[in-house]
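The values are calculated or read from the model by the stated rules, or taken from the named source; none is laboratory data. What you see is a predicted model; the values in this text were computed from it and never measured. Reconstructed Cβ throughout: ideal geometry from the backbone, glycine too, with neighbour counts over all protein chains shown. The area values use the complete protein model at the heavy-atom level, side chains included, leaving out ligands, DNA and RNA. Shrake-Rupley method; radii C 1.70, N 1.55, O 1.52, S 1.80 Å.
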Amino acid sequence: MVKAVVLGAAGGIGQPLSLLLKTCSLISELRLYDVVNTPGVASDLSHISSLAKITGYLPANDGLEKTLTGADIVVIPAGIPRKPGMTRDDLFKINAGIVRELVTGIAKFCPKAFVLIISNPVNSTVPIAAEVLKAHNVFDATRLFGVTTLDVVRASTFTAEIVGEKDSRKIVVPVVGGHSGETIVPLLSLAQPACKIPADKLDGLVHRIQFGGDEVVAAKDGSGSATLSMAFAAQGEKGIIEPTFVYLPGVPGGEEVSKALGGIDFFAVPVELGPNGVVKATNPFPAISDYEKKLLAVAIKDLSGNIAKGVEFAKTAKPTKL
Ligand SMILES: NC(=O)c1ccc[n+]([C@@H]2O[C@H](COP(=O)([O-])OP(=O)(O)OC[C@H]3O[C@@H](n4cnc5c(N)ncnc54)[C@H](O)[C@@H]3O)[C@@H](O)[C@H]2O)c1
Ligand SMILES: O=C(O)C[C@H](O)C(=O)O
């Protein structure tokens, strides 16, 4: 049975995600942490008749330590979301420090936990997390994940609309790269089952998958970004091979994938998951179309800058004292 933690549990993603985790039969204990409101959220969810015992913590009285000690899995949706006109990179200024602080707690209090990072910009916050864990000598790349599943969920939904499939769950599209704009690369040529996308619809579909987050930010008109679809995505897909953003040199099969991509360190690729984390990173690139190779080249360029920014921040900013 699993002891799970949500950091940022009182937020737009944190609350529905905590609800979904409270009803998950694999979880025996669920601990919620935020800088505000977790006692209330935990009290509310505690009335649900399900297996998971739930507790809420705030920073006071060693709240982070109590939340994290003994945790098996930590999901992090803490941090500010976008408003219209912002890029995910605009969130770096605030969220980089939040992620660094929370991952420092993980390094100290539950260094063997699986860590799933939702906080944007994922392209930079995951490299920050890796550097913090390295600095504490507890980094295990097979247990650190940037959550890019929402891109996979969107790719299924939007592709199904185009090909006229009523049940979008039947269409699975691997989405690789990073999690922002053109770093998001849907590999429609590898969709299962094979999908015939009309040539005049391809650019539009790819653009919608890459910039789907903007649709929600615009519709919410200043009150945040995707929360409910994100919570759905973060509760996990059902397969054992899922695209996720990982540190390639540290996972089995990752060196080969990194080499195929010109040496980039972090990339979302379909990853085989087991009880101990990443079993193998798979290399889908030999089979992709020329069109997708061009998308990939743009993604690698943008993503390299985002990764370097995260690594630089983690190495140079003052260390977090807990
Ligand atoms: N990876 C993805 O696909 C994806 C999808 C949607 C949103 N996001 C990102 O997730 C993040 C959260 O989005 P949201 O809509 O839930 O925002 P939100 O503002 O509704 O919630 C964020 C929560 O984090 C909490 N928080 C802030 N600092 C904290 C700290 N130091 N420790 C603990 N908690 C802290 C806040 O109090 C708040 O409750 C944003 O950065 C957003 O861009 C990522
Ligand atoms: O778009 C955002 O800022 C939130 C999230 O990354 C998303 O893809 O919906």
Rg/Rg_ref, region 135-270, where Rg_ref = 2.2 N^0.38 Å and atoms are Cα: 1.11
Packing-based ranking, highest mean first, of 189-202, 104-117 given that Cβ atoms within 10 Å are counted: 104-117, 189-202
Selection from G146, Y291, G262 lying farthest towards where the dipole of the chain points positive, charges on Cβ: G146
Eligible lysines near K22 by straight Cα distance, threshold 27 Å, same-chain separation 8 or greater: K3, K53, K66, K108, K112, K170, K220, K238
Average Cα contact separation per residue, the chain, under 8 Å, 6 or more apart, as relative contact order %: 17
Carbon plus sulfur fraction of accessible area for region 245-322, probe 1.4 Å, in percent: 58
Solution diffusion estimate, µm²/s, Stokes-Einstein, region 215-322, Kirkwood Rh from C-alpha pairs, 4 °C, viscosity 1.567 mPa s: 79
Sites K201 and N37, calculated FRET efficiency, Cβ-Cβ separation with R0 56 Å, nearest 0.05: 0.80
Region 56-118 - Rg (one decimal) and Dmax (whole number), Cα, Å: 13.2, 41
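Just how large is the dipole of region 269-315 about the Cα centre, in debye to the nearest 20, putting +1 at every Lys and Arg Cβ and -1 at every Asp and Glu Cβ?
140
Per the helix-only calculation at 222 nm, which mean residue ellipticity applies to the chain, given -39500 (n - 2.57) for every DSSP H run of n ≥ 4 and division by its residues, nearest 500 deg cm²/dmol?
-13000 deg cm²/dmol
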Interatomic Cα distance distribution for region 221-265, bins of 5 angstrom, percent: 5, 17, 17, 14, 13, 15, 12, 5, 2
Mean separation of Cα contacts under 8 Å (6+ apart) over length of region 155-218, as relative contact order %: 30
Hz values of 3J(HN,Hα) by residue in region 254-260 - Karplus curve (6.51, -1.76, 1.60), Gly and Pro given as x: x, 4, 5, 5, 4, 4, 5
Dipole magnitude of the chain about its Cα centre (Cβ charges: Lys, Arg +1; Asp, Glu -1), debye to nearest 20: 480
At q = 0.09 Å⁻¹, base-10 log of I(q)/I(0) for the chain (Debye sum, equal scatterers on each alpha carbon): -0.43
Solvent-accessible surface ranking, highest first, for T38, T69 at 1.4 angstrom: T69, T38
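Equivalent-ellipsoid semi-axes (√(5λ), Cα gyration tensor) for region 1-90, whole Å, largest first?
Equivalent-ellipsoid dimensions as semi-axes: 23, 15, 12 Å.
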Region 273-290-region 11-80 distance, computed between alpha-carbon centres (Å): 31
Dimensions (Å) - region 122-175, Cα atoms, principal axes, largest first: 50, 18, 11
Rounded accessible area of V75 (nearest 10 Å², 1.4 Å probe): 10
Coarse-grained scattering of region 18-145 at q = 0.10, 0.11 Å⁻¹, given as base-10 log I(q)/I(0) from a Debye sum over alpha-carbon atoms: -0.33, -0.40
